[in-house]
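Okay, structure first, notes after.
The values are calculated or read from the model by the stated rules, or taken from the named source; none is laboratory data. Please read these numbers as outputs of a predicted model, since none were measured by experiment. Neighbour counts are summed over all protein chains in view; Cβ atoms, including those assigned to glycine, are modelled from backbone coordinates with ideal geometry.
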Amino acid sequence: MIKLVIRLEPSTGYVISGEPSPDRKVEFNASIFYSYPYINPSTIKGFLRSAAVYGYPDVSCEILSSKTIISNIDRIKKKIHNEEQIRLSFMCSDIEDLLENRNSREASVYLEVLGDIIRKLKRPCKVCRVFGNGSVKGKLRIIYQIRPLNTTEIKGLKFSREYKENREGLSVMMSKDPIEFTVLCEDKECQEVIKRAVSVINDSVVRLGRFKSRGFGIVNAKIVSMST
């Protein structure tokens, strides 16, 4: 087992939340177990996975399928008339579902477009092998001790979907607390993928949390220690 301790130092505040509350405030995660603002470990795993996807554009199922779908989007629209139902990317487990349901109309449309990619793509792909997906067991485990976060309220942020309803905008709770967690990797491939993900995070390719278009979620990542 390979142990990597990773620390995220925010350059800008981050917002990890659900939908706005009735008083038009966007707050952090809340549950019956914790009465204070906190980060769920699954959020950290998802953030790392997103970075890994962009770190391996030539082998990632999501990047490869997305590129193919976008380049064939007009062809797909002619056969799937409800544009809201069009999928813009597929993970390895989604591809397996398509293959199992190849006789359905929707699956047949995507299989026709993605045929070459599916034949060439090694499934599960590198990212899915490490993080797990569907029936694929991942090679890592995230260990994060949930603790209360310091938060700051920013008032009156404007969002396009909200602007007509309330010209005052939304109040948003953000945090700039550093985040430290441990990744336990089963093998060298997992270690390699996590190191690549850290590099992608430091290139500001991915951001943590919500409302990224408002400048939130830029963080620097550092592997504090690594041991076996």
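Test residue 63 against the stated conditions and say whether it is hydrophobic (A, V, I, L, M, F, W, C), surrounded by fewer than 19 Cβ atoms within 10 Å (Cβ to Cβ) and closer than 22 Å to residue 203 by Cβ. Taking the combined requirement at face value, the residue satisfies it. Of the residues making up the stretch 15-38, at least one is touching a helix residue (DSSP H, G or I) at 6+ places or on another chain (Cβ under 9 Å), of a type in the set (A, V, I, L, M, F, W, C) and modelled with pLDDT under 95. Condition check for residue 51 on (1) in the same structural domain as residue 14 (by TED's automatic domain parsing); (2) touching a Gly at 6+ places or on another chain (Cβ under 9 Å); (3) within 24 Å of residue 124 (Cβ to Cβ): one failure, at (2). Which of the residues spanning the stretch 176-225 are modelled with pLDDT under 95 and either outside the structural domain of residue 6 (by TED's automatic domain parsing) or among the polar types (S, T, N, Q) (or both)? Across the stretch 176-225, the qualifying residues are 204, 213.
Of all residues in the stretch 1-48, those being in contact with a Gly (Cβ under 6 Å, 6 or more places away or on another chain) and among the β-branched types (Val, Ile, Thr) number 3. Would you say residue 102 is among the basic types (Lys, Arg) and touching a residue at least 60 places away in the same chain (Cβ under 8 Å)? No; evaluated as a whole, the condition is false for this residue.
Does residue 35 satisfy the condition of being farther than 18 Å from residue 201 by Cα, loosely packed, with under 15 Cβ neighbours inside 10 Å and either in contact with a strand residue (DSSP E or B) (Cβ under 6 Å, 6 or more places away or on another chain) or in the same structural domain as residue 169 (by TED's automatic domain parsing) (or both)? Taking the combined requirement at face value, the residue satisfies it.
Criterion applied to 42, 21, 108 was being of a type outside the set (D, E, K, R), farther than 28 Å from residue 218 by Cβ and exposed (fewer than 15 other Cβ atoms within 10 Å of the Cβ), and the one residue passing it is 108. The test for being under 23 Å from the mean Cα position of the chain (by Cα) and assigned by TED's automatic domain parsing to the domain that holds residue 185 holds for residue 139.
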